[in-house]
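Before any comments, here is the structure.
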Amino acid sequence: METELKNGSVTKAGVTMPETQTTRDQQAVGRAPTKMSATDLNLWYGETQALHGINLDMPAQEVTALIGPSGCGKSTFLRCLNRMNDLIPQVRIRGGVALDGEDIYDPSVDVVQLRTFVGMVFQKPNPFPKSIYENIAYAPRLHGTGTSRSELDDLVESSLKRAGLWNEVADRLDTPGTELSGGQQQRLCIARAIAVNPEVILMDEPASALDPLATATVEELIHELKDNYTIVIVTHNLQQAARVAGYTAFFHMGQIVEVNDTDTLFTNPAEQRTEDYITGRFG
Amino acid sequence: MQRRLTGSANDPRIRARYRRETRFKGYSIAALFVAFGIIFAFFTDIISQGYSAFWRTEINVTLDYNERAERIGRFAVAEDLRQIVSRGAVRSIPLEIRNHPERAGITREAWVPVTSRIDQYFKGNEELAPELARQVEALKAEGVIRNTFNWAFFTSGDSKLPELAGIFSAAVGSILVLAVTLVFAFPIGVMSAIYLEEFAPDNRLTQIIEVNINNLAAVPSIIFGLLGLAVFINTFGVPRSSALVGGLTLGLMTLPIIIISTRAALRSVPDPIRLGAFAMGCSRWQVVRDHVLPLSLPGILTGTIIGLAQAMGETAPLIIVGMIAYIPEAPTSILDSATVLPAQVFTWAGEPRNAFVEKTGAGIIVLLAILLTLNAAAVFLRRKFERRW
């Protein structure tokens, strides 16, 4: 396990799941094996502490939703999972995040390698201002996972198919990705993330900039993707969390208030604050 | 029906408000007219003074390569025309005969420039002695004297004889200087900007560097000339007056402009593009190379062109490094002594003779035309490649 992140030649399909750690602490939710887990994670922006002792297990091949009012730290937490917070100056992190039991904040971890295992989709669709084909082929070519033209052609097609975009763009792969509609752009970004063949996909409010129809398409896509990927999604939309997620964690003021399978959390919350939030009394 | 919307016409406060607005609009329009008036007066003055330099008076003479002309070129021209034909047109005849001995003794017809005084007479700028005036008028009437486009202005270098002076050597000097400036300032400026904008941590040191670069852009250009003199000539021994030292000096001056405009261009690339690339597992350099640079290149080029245009019009620092020199022959390398267009204009402007006044105007016209072309290219680039997100 130790060398896996540093050695890209290990086939991802051959990775064995670590033993389930359901009993590690009271906030573990897993019935499914844990893919990523945060242990006593604290984060500061300068002097301001944004995350307080987060413990969360994210089960494999499942969708975990992070909900909570604005500024509660859910997006900050999401960015800890692929170390995007490294890009922000003055961020300090204490605690651990593990991918298949391997600490991603270990000094020997190569961040670039980590991000090929943990992909990300952003709130606002951000396709590169290149052709649809290039948007998807760029990263595989960069990482050397696809080299020949035919390999890349196959990869582009399969990624677009998985993202449910192939039928709409098959005949115009050379047009700029930025000319697609908002929903198509977001699915292109998902296809782009899939093309790297990650194990985990992080989504930061992926549908909040989309209209209801495009949102429905993206939600459907998320539902399908969970068979192959572990998905962590931040959302403001409680119905969306209820629709797509198997597990939901409620964040408030930089802490996890409650985490449970989605049905239980929404129908029978254990905490008063959770109930207040999901019934619309604040946030 | 009670009318509530039209009553304001009689309200003195509202009428005063409209009056103030009209008055303020009037001031603004007046300011605009003054500005345009000044520009118009400037262009009219320069063009009316300079355009005549694009024309020159020539005379059709028979050049007789006789024995006396082998020693002094003037003797190749018939005696009564000797004070009309420009000395410069015939002074190379002895050399020509020495290099081509077979030409000794031949005669040939040629259109040659007249002296600047007669040229100025025909342009209405100077008076001639009545006798001479009658003679040249007669020649003009015969068709022996003509007014023609002054190609020599573009193909020859400076001369002490105004009828022969041109901008060619200064133009070549300008091109060499700008080439040196570009090669020196562009890579250093762009790489510095990339480091500061994309790689450098935001700490006290980089803030100090940033403030200093911004200040550097505002330093009077003559200071850069002193710096160039001290560093390049006195310390590194770069030849004085050469395009190399001029280009390096202007490079110092252009560097902050390129750094600042490159940083602005890099900053205009939206962060989601960077984040998207980082999330794909790009290293910082890959993000810059594959995503940020291609998107900011038009902005970088625009800033560079504007920086070069500014360098091209610069004279003061070049005076300090000795580029304000009399250069009749175009430099052939960046180590030769050279001058540049604005310095040539400056030299001509210091000449008292009328003929150089029009040369000055013409030099300014050429300089302005080049600068306007460069700026138009910058605007075109920006328009063509402008992206919106």
Task: the protein assembly as shown - convex hull of the alpha-carbon atoms, volume per residue in Å³ - done: 320 Å³
TODO: Taking every pair of alpha-carbon atoms in chain B, give the share separated by more than 39 Å as a whole percent.
DONE: 42 percent
Open item on the list: Between helix B:293-312 and chain B, what is the angle of the helix's C-alpha long axis to the longest principal axis, kept within 0 to 90° and rounded to the nearest 10?
Closed with: 40 degrees
- [ ] Treating only the Cβ atoms of Lys and Arg (+1) and Asp and Glu (-1) as charged, compute the dipole magnitude of chain B about its Cα centre; round to the nearest 20 debye.
- [x] 2140 debye
- [ ] Would you mind computing the Rg to Rh ratio of the stretch B:168-385 from its alpha-carbon coordinates, Kirkwood style for Rh?
- [x] 1.05
Task: Cα centre as origin, Lys/Arg/Asp/Glu Cβ charges: chain A dipole, Debye - done: 460 debye
Task: Qualifying lysines (Cα of each under 29 Å from Cα of B:Lys123; at least 8 residues distant if same chain) - done: B:Lys140, B:Lys160, B:Lys359
TODO: Give a residue-ordered list of calculated ³J(HN,Hα) values for the stretch B:100-113 (Karplus: 6.51 cos²θ - 1.76 cosθ + 1.60, θ = phi - 60°; whole Hz; x for Gly, Pro).
DONE: 10, x, 5, 7, 4, x, 6, 10, 8, 8, 7, 8, 10, x
TODO: Mind putting a number on the dipole of the protein assembly as shown about its Cα centre? Charges go on the C-beta only, +1 for Lys and Arg and -1 for Asp and Glu, and I need it in Debye to the nearest 20.
DONE: 2540 debye
Task: Helix-only CD estimate at 222 nm, as mean residue ellipticity for the protein assembly as shown, using -39500 (n - 2.57) per DSSP H run (n ≥ 4) - done: -15000 deg cm²/dmol
- [ ] May I ask for the distance between the Cα centers of the stretch B:151-198 and the stretch B:31-45, given as a whole number of Å?
- [x] 29 Å
Task: Derived scalar couplings ³J(HN,Hα) [the stretch B:12-28; Karplus, 6.51 cos²θ - 1.76 cosθ + 1.60; whole Hz; x for Gly, Pro] - done: x, 5, 5, 5, 4, 5, 5, 4, 4, 5, 4, 5, 5, 4, x, 4, 4
Task: In sequence order, calculated HN-Hα J values of the stretch B:330-347 (Karplus, 6.51, -1.76, 1.60; Hz; x Gly/Pro) - done: 5, x, 9, 9, 6, 9, 6, 4, 8, 10, 10, 4, x, 5, 5, 4, 4, 4
Open item on the list: Averaged over its residues, how many other protein chain Cβ atoms are within 10 Å of peptide B:291-299's Cβ atoms?
Closed with: 1
Open item on the list: Among A:225-236, B:20-31, how do they line up by average Cβ neighbours within 10 Å per residue, starting with the highest?
Closed with: A:225-236, B:20-31
TODO: Measure nothing fancy, just the Cα-based angle from helix B:243-267's long axis to the longest principal axis of chain B, in degrees from 0 to 90, nearest 10.
DONE: 30 degrees
Task: Antiparallel content of DSSP bridges confined to the protein assembly as shown, in %, to 5 - done: 70 percent
Task: Average Cα contact separation per residue, chain B, under 8 Å, 6 or more apart, as relative contact order % - done: 19 percent
Task: Loop GluC sites (Glu not before Pro), the stretch B:35-102 (other Cβ atoms within 10 Å of the site Cβ: 11 or fewer; DSSP) - done: B:Glu67
TODO: Provide a whole-number value for the mean count of partner chain Cβ atoms within 10 Å of the Cβ atoms in peptide A:122-130.
DONE: 5
Task: Amide H within-cut-off set for B:Thr339, under 5 Å, with H built and near neighbours excluded - done: B:Gly173
Task: Interchain or long-range residues, amide H under 5 Å from B:Glu126's placed H - done: B:Tyr121
TODO: Could you give the spread of the C-alpha atoms of the stretch A:31-278 along their three principal axes, from largest to smallest, in whole angstroms?
DONE: 53, 42, 33
Open item on the list: What is the angle, in °, between the Cα long axis of helix A:149-162 and the longest principal axis of the Cα atoms in chain A? Nearest 10 is fine, range 0 to 90.
Closed with: 40 degrees
TODO: Mind jotting down a quarter of the surface of the convex hull over the alpha carbons of the stretch A:47-95, in square nanometres, one decimal?
DONE: 4.1 nm²
Task: Share antiparallel - DSSP beta bridges, chain A, percent rounded to 5 - done: 60 percent
- [ ] Name the residue farthest towards the positive end of the dipole of the protein assembly as shown from the options A:Ile233, A:Phe128, A:Thr116, assuming +1 on Cβ of Lys and Arg, -1 on Cβ of Asp and Glu, about the Cα centre.
- [x] A:Phe128
Task: Average beta carbon contacts from partner chains per residue of B:269-276, 10 Å cutoff - done: 5
TODO: Using packing as a proxy for protection, rank B:216-227, B:329-340, B:193-204 so that the peptide with the highest average count of other Cβ atoms within 10 Å comes first.
DONE: B:329-340, B:216-227, B:193-204
Open item on the list: To make sure I understand, if each residue's beta carbon is the centre and we count other beta carbons within 10 Å, what order do B:Arg15, A:Arg79 fall in, fewest to most?
Closed with: B:Arg15, A:Arg79
Open item on the list: Going by amide H atoms built from the backbone, whose H comes under 5 Å of the H on A:Asn55, apart from near neighbours?
Closed with: A:Asp40, A:Leu41, A:Ile256
TODO: Would you work out which of A:Val196, A:Tyr105, B:Pro256 lies farthest towards the positive end of the dipole of the protein assembly as shown? Charges go on Cβ: Lys and Arg +1, Asp and Glu -1.
DONE: B:Pro256
TODO: Can you bin the stretch B:63-110 into rounded, prolate or oblate? Criterion: square roots of the alpha carbon gyration tensor eigenvalues sorted a ≥ b ≥ c, rounded for a/c under 1.5, prolate for a/b above b/c, oblate for the rest.
DONE: prolate
Open item on the list: Just to confirm my numbers, what's the Cα centroid distance between the stretch A:213-275 and the stretch A:166-183 in Å?
Closed with: 30 Å
TODO: Would you list, by chain and number, the lysines whose Cα falls below 21 Å from the Cα of A:Lys226, excluding same-chain residues fewer than 8 positions away?
DONE: A:Lys12, A:Lys35, A:Lys74, A:Lys161
Open item on the list: Rounded to the nearest angstrom and ordered from largest down, what semi-axes does the equivalent ellipsoid of the stretch B:62-216 get from its C-alpha gyration tensor (root of 5λ)?
Closed with: 56, 21, 11
Open item on the list: I need B:Ile260, B:Ile47, B:Ile59 ordered by Cβ neighbour count within 10 Å, fewest first.
Closed with: B:Ile47, B:Ile260, B:Ile59
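All of the numbers you see were taken from the coordinates with simple rules; none came from a lab. Because the structure is predicted, anything quoted here is derived from the model rather than measured. Methodologically, a virtual Cβ is constructed for each residue, glycine included, from the backbone with ideal geometry; neighbour enumeration extends over all protein chains shown.
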